[in-house]
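Working notes, beginning with the structure itself.
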Amino acid sequence: MSAYFRPLLNTDASRPVSALILVGGRLWFDHVEKLSRNSVAEILPVTALPNSWKERLCAPRTPIAGVAMKAPSIMGILNLTPDSFSDGAKYKSTDEAVAQAKQLTHMGANFIDIGGESTRPGALEVPIAEEIRRIKPVIKKLRGITSVISVDTRKAAVAEVAVALGARLVNDVSGFQFDPKLLPLCAAQSVSVCVMHSQGLPETMQNNPSYENVVLDIYDFLETQIVRLESAGVPRSQIIADPGIGFGKTMRHNLALLQKISLFHGLGVPLLLGMSRKGFIGKVTGEEEAQNRVIGSVAAAMFGASQGVQVFRVHDVKETRQAFDMWQTTHFGDFYG
């Protein structure tokens, strides 16, 4: 692709007549940043926006697994692993995990993302049977929960079990590169998917990651994978894209992606950000303990919301929901009391 266009977003009530509405929501833009690999960035009015980009940036996003994409949604994290970076081994029994899932729903989670394999930097692959053993009893006991169940897995055999038990979203951190059987399974089961970018496997992904242009390289990867998903039978309307903060990226890469995140609306799908308690937040704030990065995580999520991101994968659901509710109220006058 020779040129990319990032909308410069605004929430001001005084919207110019020439402004365009981002993805049918509340944010608008009347200028874009034109990016390319061979020239410096330039700011242009929306009248210079190609029709193909205008269509993708403005088309309303359809609900994902029944969850509307008009306001920030929360995906609560439920790691059933002994070694996840922030909450490994926290839930030692099925009943504890089920209670936590129900608590996340009560706190305002639209999705519950259940994973049986840690993909933190340096983590080793978990055998399929063990991954299934960890997640199966929990998902089984969550039938009827109001939050959408998402399964965080790279493996078709694990996803097949989860979907059979009621999971409606498959969240693959490998971007459908790890298991060739996963994509056809998702298409056959008509489930929604999240395609994420990662560079390398978790065991090695932080060993000197490099890019020619991190923002544009990842945009191109996600566009290629979305087209691949469509060709296999997964409609674009049921795909979420995640640039993969922290997966094969340095702090500088992560910050560049966050700062330019509105570019990714050009993919024509809802966006997900998973930044909760991650190491780059610790480096920015000086907080070494992951559990103590709540405020930094919420601040990063609020910036994402200001850039139109639709889904946020977080540990701290209650705090993030409070922040989003205040943001909605102060910017748009919404009040839920």
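Coordinate-derived values only; no laboratory data. Keep in mind that what you see is a predicted model, and the values were worked out from it rather than measured. Please note: Cβ atoms are built from the backbone with ideal geometry, for glycine as well, and neighbour counts cover all protein chains shown.
Taking the Cα centre of the chain as the origin and placing charges on Cβ (Lys, Arg +1; Asp, Glu -1), which of SER297, HIS197, PHE324 is farthest toward the positive end of the dipole?
It is PHE324.
Between exposed GluC sites (Glu not before Pro) in the chain, where DSSP calls loop and at most 12 other Cβ atoms lie within 10 Å, what's the longest gap?
Working: sites that count: GLU212, GLU288, GLU289.
The answer is 1-211.
How big is the dipole moment of region 238-323 about its Cα centre under a simple scheme where the beta carbon of each Lys and Arg is +1, that of each Asp and Glu is -1, and everything else is neutral? Debye, nearest 20, please.
Approximately 140 debye in magnitude.
What does the charge count near HIS253 come to, summing +1 for each Lys or Arg and -1 for each Asp or Glu among other residues with Cβ under 13 Å from its Cβ? Before the final figure, lay out the partial values.
Working: positive: LYS249, ARG252, LYS260, LYS278, LYS283; negative: GLU212, ASP217.
Every neighbour counted, the sum reads +3.
To the nearest 20 Debye, how big is the dipole of region 1-58 about its Cα centre, given +1 on the beta carbon of each Lys and Arg and -1 on that of each Asp and Glu?
Computed about the Cα centre, the dipole is about 140 debye.
Sorted from largest down, what three extents in whole angstroms do the Cα atoms of region 139-296 have along their principal axes?
Between the extreme Cα coordinates on each principal axis of region 139-296 lie 43, 35, 28 Å.
Can you work out ³J(HN,Hα) from phi for every residue in region 103-109, in order, using Karplus 6.51 cos²θ - 1.76 cosθ + 1.60 and θ = phi - 60°, giving whole Hz and x for Gly and Pro?
5, 4, 4, 4, 6, x, 6
By how many degrees, between 0 and 90 and to the nearest 10, does the Cα long axis of helix 294-306 differ from the longest principal axis of the chain?
Result, in degrees: 40.
Roughly speaking, what % of Cα-Cα pairs in region 1-58 are separated by over 12 Å, rounded to a whole number?
In whole percent, the long-distance tail amounts to 64.
What translational diffusion coefficient, in µm²/s and rounded to a whole number, does the Stokes-Einstein relation yield for the chain at 4 °C and a viscosity of 1.567 mPa s, taking the hydrodynamic radius as the Kirkwood radius over Cα pairs?
So the translational diffusion coefficient is about 64 µm²/s.
Between PHE5 and residues 5 or more places away or on another chain, which pairs have amide H atoms under 5 Å apart, with H built 1.01 Å from N, and which residues are they?
Distant-sequence amide H within range of PHE5: LEU35.
Where the only charges are on Cβ atoms (+1 Lys, Arg; -1 Asp, Glu), what is the dipole of the chain about its Cα centre, to the nearest 20 debye?
The calculated dipole for the chain is roughly 520 debye.
For region 323-329, take each phi angle, set θ = phi - 60°, evaluate the Karplus expression 6.51 cos²θ - 1.76 cosθ + 1.60, and give the result in whole Hz per residue in order, putting x for glycine and proline.
Using θ = phi - 60°, the values come out as 5, 5, 4, 5, 4, 4, 5 Hz.
Could you list which residues have their amide H under 5 Å from that of LEU169, counting only those 5 or more apart in sequence or on another chain, with H placed in the peptide plane?
VAL151
Take the Cα radius of gyration of region 25-157 and divide it by 2.2 N^0.38 Å, with N its residue count; two decimals is plenty.
1.44
From the backbone phi of region 124-130, what are the Karplus-calculated ³J(HN,Hα) couplings (6.51 cos²θ - 1.76 cosθ + 1.60, θ = phi - 60°) in whole Hz, Gly and Pro given as x?
Running phi through 6.51 cos²θ - 1.76 cosθ + 1.60 with θ = phi - 60° gives 8, 5, 9, x, 4, 4, 5 Hz.
I'd like the distance between the alpha-carbon centres of region 58-74 and region 4-22, rounded to an integer number of Å.
Here the answer is 19 Å between Cα centres.
How much of the DSSP beta bridge set in the chain is antiparallel, as a percent to the nearest 5?
30 percent
Send over the Kirkwood Rh of region 80-230, from the inverse of the averaged 1/r over different Cα pairs, rounded to one decimal Å.
Averaging 1/r across every pair of different Cα atoms and inverting gives 16.2 Å.
Using only the alpha carbons of region 159-208, determine the length spanned along each of the three principal axes and report them from longest to shortest in whole angstroms.
Over region 159-208, Cα extents along the principal axes are 38, 17, 15 Å.
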